[in-house]
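Here the structure is laid out as C-alpha cells; the discussion comes afterwards.
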Amino acid sequence: VLELLRGLQRGSDDRKSSLSRLRLALQNKETQQKFVRLDGSIRTLIGLFTSSLADMQMEAARCLHELSHSSDSAVAEACLPVTSYLLTYLSGHSVEFTELCLYTLGNLVVESEAVRKQLLPQGIIPVLASCIQSPHEAVLEGLGYVLSQLLQAKEAPTEIIPLVLDSTLPQHMLRLVCSGLKAAVGAAVEFAWCLHYIVCSPAATSALVALGALPALTMLLMDLALELPPDAPEGLELLVCPVLRCLGNLLAEETGCEAQVRDERLLVALFLILQRFLQQHPFIVQECLWLLNNLTADEPFFCSALLSLDLLPALLQLLPCSQLAGVLVLTVLCNIAAKGPAYCQQLHQQPALPLLLPALALPDPGVVGQCLELLHLLFLHWPEAAADFVRQGGHRALEQHQSTPELQERARALLDMVGQPVGASTLSPCLTTLSTFS
C-alpha cells in the first residue's frame, strides 16, 4: 500500500492501475486504518479526486468510498478534508459519480459526529434539497440514504431536523413517497423512512400535518392496497411499513387530525394489506394493527365503519398471530367497546366471546390483561355479555388468574361483576392511543 501511495504521489504513468489496486486493498479493515495514518495519504487521494481526468477522479472516488465503509471513527475523521469536495460534486458530473459521492457521505455521517458537525455549516441540507429534484432514480436513492443517516443521528432532533423542516426537503420527500408506485420504489422507501424519523421528533409532526401528509399518505395506502396481487413489485412491503408507521405516529402525536383521514376505504385498504402480507411478511401485521388502534382510539367513525363493513371477523382471526398482534387486536376491540352499549352489543353479537375464552388461557400476562380490560367494558355496557360469558364457562377461566399477581385484582373484580348490577366495577378505563413507534 505504501508503494502504491508513493507511485500515486510521484505521478507515475500507471496511476489509474495503482488506484484500482489501492481500492481493492482498502476493502480490508486493517489496511484502511494503516492507510489514513500514512503521511499525505488523504491529501493525495483528494488531489486525484479533484483532478480534471474523469477516469482518475472516478477511481479516487471509489477509494474514498471504500474508506467510508470503515466502522472506525478515526478513519471517518481522517476523511474530514474531503467532505466539502463531496458536497461540491453533488451538483454535476455523471449519475454514477454523484451516486458514489452520496453513498460516501452517507457512510461517513454514520460513523462520525465530527463529520456531521462539519457538514451542517458546509450547507449539506441546502445541497440535498437541490439534489432531490434530480430525475435519476439512483441519485434519489443515494440522497435518501444520506438523509436517513443524518436523521437518525443522536443530535438530529435539535440540530438537523429543524434545518430539514426549514428547507424544501419535506414536501419533496412527501411527493416522492406518494409517487413510489409510479417511480422508484427504492427511493420512495428511503424517503418514507426519512419522514418516519422526522415524525419521531414530536415538535416536527405539526409541520408535516400542515404539508398535507395525512391525506397524502392515506391515499398512498389505498393505492398500495390495490397494487397487491401476486405480481406486485418486489419490495413493496418495504414501502408499506414506513408509510403505516408514519400515519400511526402522526395520529398518535397530533390530536384532532383524525378528520383528515376519515375515509372507510382506509380500513378496507388496511385489511387488504393484512391479508396480502400475513404469511410472507408478518411484521406488517403489527404495523397495520397499530395504525388501526390509533384510528379507533378517539374516533367513533372508524369504530362504526369497522363494524358496518363487517371487518370484525377478519380482525378477530388475527388474535393468535403473535403476542403483540394479540394485544393490539384486543386494544382495538377495547377502543370499540369504550364507545358505549351499541358498540358492545355488536361485539357480543359477532360473537367475540368464544374467541376471548382461548385468549384468557394464554400464558402471556399482556394478552390476558388486555382481554380482562375488554371483558370489563363489555360487562359494563352490555350485561347480556356477562351472562353469556358465565354460560360458556368463562368464570372458570377467570378463576385461574386469581393467583397471578398482576392479574388477580382485575380477575376477582370481574368475577364479582358477573353477578352484580351494571356499574358496580371500579376498574380503570382501557388503553387507547399508543405512543410513537420508533
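The values are calculated or read from the model by the stated rules, or taken from the named source; none is laboratory data. The structure presented is a predicted model; accordingly, all values stated were derived computationally and were not measured. Cβ sites come from the backbone with ideal geometry, for glycine too, and all protein chains shown count toward neighbours. Heavy atoms of the whole protein, side chains included, go into the accessibility calculation; ligands, DNA and RNA do not. Shrake-Rupley method; radii C 1.70, N 1.55, O 1.52, S 1.80 Å.
With a ≥ b ≥ c the root eigenvalues of the C-alpha gyration tensor of segment 240-283, is it rounded (a/c under 1.5), prolate (a/b larger than b/c) or oblate?
Values: a/c = 3.89, a/b = 1.66, b/c = 2.34.
Since a/c reaches 1.5 but b/c is at least a/b, the shape of segment 240-283 is classed as oblate.
I'd like the projected area of segment 304-382, averaged over all directions, using the convex hull of its alpha carbons. Report it in nm² with one decimal.
Details: hull surface 17.5 nm².
Projected over every direction and averaged, the Cα hull of segment 304-382 covers 4.4 nm².
Give me the three principal axis extents of the chain from the C-alpha atoms, as integers in angstrom, largest value leading.
Principal axes ranked by extent give 94, 42, 40 Å for the Cα atoms.
Per residue, how large is the accessible surface of segment 162-256? Use a 1.4 angstrom probe and give square angstrom.
36 Å²
Provide Arg37, Arg396 ordered by accessible surface of protein heavy atoms (probe 1.4 Å), highest first.
Accessible-area ranking of Arg37, Arg396, largest first: Arg37, Arg396.
Could you please report the charge total around Ala207, scoring K, R as +1 and D, E as -1 over all other residues with beta-carbon less than 13 angstrom from its beta-carbon?
Neighbour charge sum, excluding Ala207 itself: -3.
Name the residue farthest towards the positive end of the dipole of the chain from the options Gly369, Ser179, Ala413, assuming +1 on Cβ of Lys and Arg, -1 on Cβ of Asp and Glu, about the Cα centre.
So the residue furthest toward the plus end is Ser179.
Compare the peptides 387-393, 107-113 by average per-residue count of other Cβ atoms within 10 angstrom and give them in order, highest first. Walk me through the numbers before you get to the answer.
Values: 387-393: 14.3, 107-113: 22.4.
Packing order, densest peptide first, comes out as 107-113, 387-393.
Just how far, in whole angstrom, is segment 26-73 from segment 319-388 if you go by their alpha carbon centroids?
Measuring centre to centre over Cα atoms gives 61 Å.
In segment 1-122, with Lys and Arg counted as +1 and Asp and Glu as -1 at Cβ, which of these residues, Leu87, Ser51, Gln9, has the Cα nearest the positive end of the dipole, that is, farthest along it?
Most positive-ward Cα: Gln9.
So, taking all protein chains as they sit and a 1.4 Å probe, how much accessible area belongs to Thr218, in Å² rounded to tens?
It works out to around 10 Å².
Viscosity 1.306 mPa s, temperature 10 °C: what is the translational diffusion coefficient of segment 1-122 from Stokes-Einstein with a Kirkwood Rh over Cα pairs, rounded to a whole number of µm²/s?
112 µm²/s
How high is the relative contact order of the chain, in percent, counting Cα pairs under 8 Å that sit 6 or more residues apart?
On the way: 541 pairs, mean separation 39.9, N = 438.
Here the relative contact order equals 9 percent.
Given a 1.4 Å probe and the protein chains all in place, what does the accessible area of Tyr103 round to, in Å² to the nearest 10?
Roughly 60 Å² of Tyr103 is accessible to a 1.4 Å probe.
If we count every other residue with Cβ under 14 angstrom of Val1's Cβ, Lys/Arg +1 and Asp/Glu -1, where does the sum land?
+2
In debye, nearest 20: dipole of segment 1-122 around its Cα centre with unit charges on the Cβ of K, R (+) and D, E (-)?
220 debye
How much net charge surrounds Gln346 when only other residues with a Cβ under 11 Å from its Cβ are counted (Lys, Arg +1; Asp, Glu -1)?
Local charge sum for Gln346: 0.
Okay, helix-only estimate at 222 nm for the chain: each DSSP H run of n ≥ 4 adds -39500 (n - 2.57), divide by all residues, round to 500 deg cm²/dmol; what do you get?
-20000 deg cm²/dmol
Can you give the accessible area per residue of segment 1-122, in Å², using a 1.4 Å probe? Could you put the intermediate results ahead of the total?
Numbers: 5620 Å² over 122 residues.
Here the per-residue accessible area is 46 Å².
What percent does the relative contact order of segment 1-122 come to when contacts are Cα pairs within less than 8 Å and at least six residues apart?
Relative contact order of segment 1-122: 22 percent.
Can you tell me the dipole magnitude for the chain around its Cα centre, using point charges on the Cβ only (Lys, Arg +1; Asp, Glu -1), in Debye to the nearest 20?
Here the size comes out at about 660 debye.
Carbon and sulfur atoms: what percent of the 1.4 Å accessible area of the chain do they account for?
The C+S portion of the solvent-accessible surface of the chain is 52 percent.
Whole Å is fine, so just give me how far the alpha carbon centre of segment 129-148 lies from that of segment 183-209.
14 Å
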